[in-house]
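Report on the following structure.
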Amino acid sequence: MKILVSSHCLDIVGGSETFTFTIIEELKRLGHDVEYFTFIKGFVSSKIETDLGVYFMSKSKYDLILANHYTTVEKLYRKGFIIQTCHGIYPTLEQPHVMADAYVSISQEVQNHLAKLACPSILVYNSINLERFKPKTQIKPKPKSLLSLCHSQEANTFIKDMCEEFNLDYYQAYKYEKPVWQIEDIINKVDIVVGLGRSAYEAMSCGRPVIVFDNRRYFDAYGDGYIRNILGLSIQNNCSGRYSKKSFDKTRFIDSLNQYNPEDSKYFRSFAEQNFDVQKNIQLYFDYQNTVIKRKRQLKRLKKVVLTKSILGPKLFKKIAKVLKRN
């Protein structure tokens, strides 16, 4: 198929940007004719072109458009069937656009949010290339090192102070200061990762236990803590900390460290294989498109039947229907 994948910006390394790269990478592997669209080119769009051989939008029509962000739907809705993936409930860019043909939610929380806006959706968790994000080293019996993937300096400072106090080697990948593309290499150097959302999912895919916490500007600073025993609940809110809605302080950090178990590495990897595998998830998009198109055709035929019946009258319509059925 001719497929276009869009994202508002592709200039920095972030969750929706790496999601876009991952989707394009899988579509290209499957042999589709793929292009991308963005308003802001940069580091990630250059990676898409140089690493994947996929280039900026050149066609007037596409068989399928996989859109991230409200603004790209606004720009592209005349060019083909659009499935908009919504990654959050707060940012303006993540709100559903009325001109999309169908919607995908990456968490139960998002799906509920879209339902309230009369935009029904299917649930497909964040998609990750599990051949790239996989365990390459074993974690230690007791945690010796920690990586912060938090998006705020306040959170990073707190985590760094905790690591110094408990004698943990501290690593940081702060995307606004020194973004790292091959983040899987750093993840595989440490025993435990702190972050939320896609950062947490990439860490799980590498078999790393995760402490869910961050202090982002667009919602309150919550932390679900060490999520091994509440993963099925935490993921309903995109592993954002909004499941527990508890503040994250020194006491909760210590409690999270005490729950660390090296055997959890296998559990997190298995969970990722079941829920985040882009090879499985991309097929859900294709199936969804086919289902929506089929429903629209059925609805169109039903409207024609209703219109014909109203014109001919119920008795004549019934007689003609019997004749057509016999023939």
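The values are calculated or read from the model by the stated rules, or taken from the named source; none is laboratory data. All figures in this text were calculated on a predicted structure; none of them were measured in a lab. No Cβ is skipped: glycine too gets one built from the backbone with ideal geometry, and neighbour counts run over all protein chains shown.
With the structure loaded, tell me whether residue 152 is assigned by TED's automatic domain parsing to the domain that holds residue 247, of a type in the set (Ser, Thr, Tyr), in contact (Cβ under 8 Å) with a residue 12 or more places away in the chain and surrounded by fewer than 21 Cβ atoms within 10 Å (Cβ to Cβ) or whether it fails that test. Steps first, answer last, please.
Working: assigned by TED's automatic domain parsing to the domain that holds residue 247: yes; of a type in the set (Ser, Thr, Tyr): yes; in contact (Cβ under 8 Å) with a residue 12 or more places away in the chain: yes; surrounded by fewer than 21 Cβ atoms within 10 Å (Cβ to Cβ): yes.
Spelling it out, residue 152 is indeed assigned by TED's automatic domain parsing to the domain that holds residue 247, of a type in the set (Ser, Thr, Tyr), in contact (Cβ under 8 Å) with a residue 12 or more places away in the chain and surrounded by fewer than 21 Cβ atoms within 10 Å (Cβ to Cβ).
Consider residue 202 carefully, then state whether it is of a type outside the set (S, T, N, Q) and under 24 Å from residue 72 (Cβ atoms).
On the way: of a type outside the set (S, T, N, Q): yes; under 24 Å from residue 72 (Cβ atoms): yes.
The answer is yes for residue 202.
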Hey, can you tell me all the residues within region 71-90 that are surrounded by fewer than 20 Cβ atoms within 10 Å (Cβ to Cβ) and out of contact with any strand residue (DSSP E or B) (no Cβ under 7 Å at 6 or more places or on another chain)?
71, 74, 75, 77, 78, 90
Return the residue satisfying two criteria in turn: it lies in region 247-297 and is modelled with pLDDT of 95 or more and not in a helix (DSSP H, G or I), and of such residues it is surrounded by the most Cβ atoms within 10 Å (Cβ to Cβ).
276
Identity of the residue in region 3-45, basic (Lys, Arg) and touching a Leu at 6+ places or on another chain (Cβ under 8 Å), that ends up surrounded by the fewest Cβ atoms within 10 Å (Cβ to Cβ):
41
Quick one: in region 194-246, which of the residues that are part of a loop (DSSP other than H, G, I, E, B) and among the basic types (Lys, Arg) is surrounded by the fewest Cβ atoms within 10 Å (Cβ to Cβ)?
217
Which condition from (1) under 22 Å from residue 183 (Cα atoms); (2) touching a helix residue (DSSP H, G or I) at 6+ places or on another chain (Cβ under 7 Å); (3) modelled with pLDDT of 95 or more is the one that residue 67 breaks?
(1)
Looking at region 46-69, which of the residues that are of a type in the set (Ser, Thr, Tyr) and touching a strand residue (DSSP E or B) at 6+ places or on another chain (Cβ under 8 Å) is surrounded by the most Cβ atoms within 10 Å (Cβ to Cβ)?
62
Which one of 244, 205, 240, 234 is at pLDDT below 95 and in contact with a strand residue (DSSP E or B) (Cβ under 6 Å, 6 or more places away or on another chain)?
244
Against the conditions (1) β-branched (Val, Ile, Thr); (2) farther than 30 Å from residue 234 by Cβ; (3) in contact with a Lys or Arg (Cβ under 8 Å, 6 or more places away or on another chain), where does residue 3 fall short? Just the number, please.
(3)
